[in-house]
Amino acid sequence: MSDRPRPIIIDTDPGQDDAIAILAALAAPELDVLGITAVAGNVPLELTARNARMICELAGRHDVPVFAGCDRPLRRELVTAEHVHGHTGIDGADLPEPVTNLGPQHAVDWMTETLLGAEERQITICPVGPLTNVATVLENAPETAGKIREIVCMGGGFFEGGNTTPTAEFNIYVDPDAAKVVLGSGAPVTMFPLDVTHKALMTDAWIEQIRGLGTRTGAAAAGMLDFYERFDVDKYGMFGGPLHDPNVIAYLLRPDLYQGRHCNVEVETDSPLTLGMTVVDWWDVTDRPANCQYITEVDADGFYELLLMLLARLP
Ligand code: RIB
Ligand code: CA
């Protein structure tokens, strides 16, 4: 087992839960965040690229390059989620405008160049938004699939249904064609769907622990979470909101917190009724090849203890 930090690229549409995932990754010495690639999703690209830089600067990590990527899905109109995340995408954060500039390249070009320049199976890609950037890299340069150690993504839902339509989760719904490309690429995919993220809900007490850190990160994170959790509480009547995206980072650090199954996952890209549905062959009843480690179980207490410990390390 290498003792060198694991190189990762976070592909993201911040989003309050994306923000917590980015902060957690930046706080973990076990991870080497090579860069952050912004994609259109929760809010338009200009805002996701702005928000990603603000979050890196909140953590004191002005050194982490942020690149702007695709501003719309591969073949569809962009659907955003301001009703969940607010008009800025990170409402509740109350942060200054970014002082760092975007990286000079398009995110797709930077990710492609970085992967092609790496050793085989060295870099982990962590998409926590629509998969448009990653799919474009794989379509433009299929040889990049062999350079990727693992694609660890937040998206999908099967037993739990959808959160955007009755059958589709937001990240996959926004760009189902991209999700199909990623799942068909041959790169190892580990997927964190609603089936697992809905089993680890925030509590008000935990948010108060975050606020109680007494740091600028604690204050910004608590403010974002106060705003963010109301959507799921109102919609599902849950006692707390699911913090979707940080599960990707927690898995990299503590895979023992999670359980799943290697099986076939396909995406509906045509039907208006079920567009964006992830169809999971959990019982292996088809002859479709297993192409995804589909995660369904989490130690919720362990997950939130880990996040608190990580965020406590930041200024
Ligand atoms: O469905 C949840 C996902 O959609 C999360 O990644 C959230 O940030 C939104 O992008
Ligand atoms: Ca996201």
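Here are the numbers for the structure shown:
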item: Accessible area expressed per residue, segment 220-315, with surrounding protein chains retained (probe 1.4 Å, Å²); result: 45
item: Viscosity 1.002 mPa s, 20 °C: Kirkwood-radius Stokes-Einstein D of segment 190-285 over Cα pairs, µm²/s; result: 136
item: Sites Asp94 and Tyr236, calculated FRET efficiency, Cβ-Cβ separation with R0 25 Å, nearest 0.05; result: 0.40
item: Per residue solvent-accessible surface (Å²) - segment 1-83, probe of 1.4 Å; result: 36
item: Under the Karplus curve 6.51 cos²θ - 1.76 cosθ + 1.60, θ = phi - 60°, whole-Hz ³J(HN,Hα) for segment 195-201, x wherever Gly or Pro sits; result: 4, 9, 5, 6, 9, 9, 9
item: Stretch gain in nm, segment Arg75-Leu308, where the contour uses 0.36 nm per residue and the Cα spacing is subtracted; result: 80.0 nm
item: Filtered chymotrypsin sites (Phe, Trp or Tyr not before Pro), segment 66-163: DSSP coil and at most 15 other beta carbons within 10 Å; result: Phe159
item: Quarter of the Cα convex hull surface for the chain, i.e. its orientation-mean projected area (nm²); result: 14.7
item: Over the chain: helical MRE at 222 nm, DSSP H runs n ≥ 4 each giving -39500 (n - 2.57), nearest 500; result: -10500 deg cm²/dmol
item: Relative contact order (%) - segment 171-244, alpha-carbon pairs under 8 angstrom, separation at least six; result: 32
item: Additional length obtainable on full extension of the chain from His62 to Asp270, 0.36 nm per residue less Cα span; result: 70.7 nm
item: Segment 130-220 - Debye-derived log10 I(q)/I(0), Cα point model, q = 0.11 Å⁻¹; result: -0.45
item: Rotationally averaged projected area of segment 243-312 (alpha carbon convex hull; nm²); result: 6.1
item: Projected label distance in nm at Glu82 and Glu46, using a 7 Å step from Cα toward the beta-carbon; result: 1.2
item: Stokes-Einstein translational diffusion, segment 61-143 - Kirkwood Rh over all Cα pairs, 1.002 mPa s, 20 °C, in µm²/s; result: 142
item: Distant-in-sequence amide H partners of Asn264 (H built 1.01 Å from N, under 5 Å); result: Asp281, Asn291
item: Extension gain from Thr203 to Glu119, taking 0.36 nm per residue of separation minus the Cα-Cα distance; result: 26.1 nm
item: With every protein chain in place, segment 43-186: carbon and sulfur % of accessible area (1.4 Å); result: 49
item: At 1.002 mPa s and 20 °C, Stokes diffusion of segment 135-178 via Kirkwood alpha-carbon radius, µm² per second; result: 180
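The values are calculated or read from the model by the stated rules, or taken from the named source; none is laboratory data. The structure displayed is predicted, hence computed values, not measured ones. Note that each Cβ is placed from the backbone with ideal geometry, even for glycine, and that neighbours are counted across all protein chains shown. Accessible surface is based on the protein model in full, side chains and every heavy atom, while ligands, DNA and RNA are left aside. Shrake-Rupley method; radii C 1.70, N 1.55, O 1.52, S 1.80 Å.
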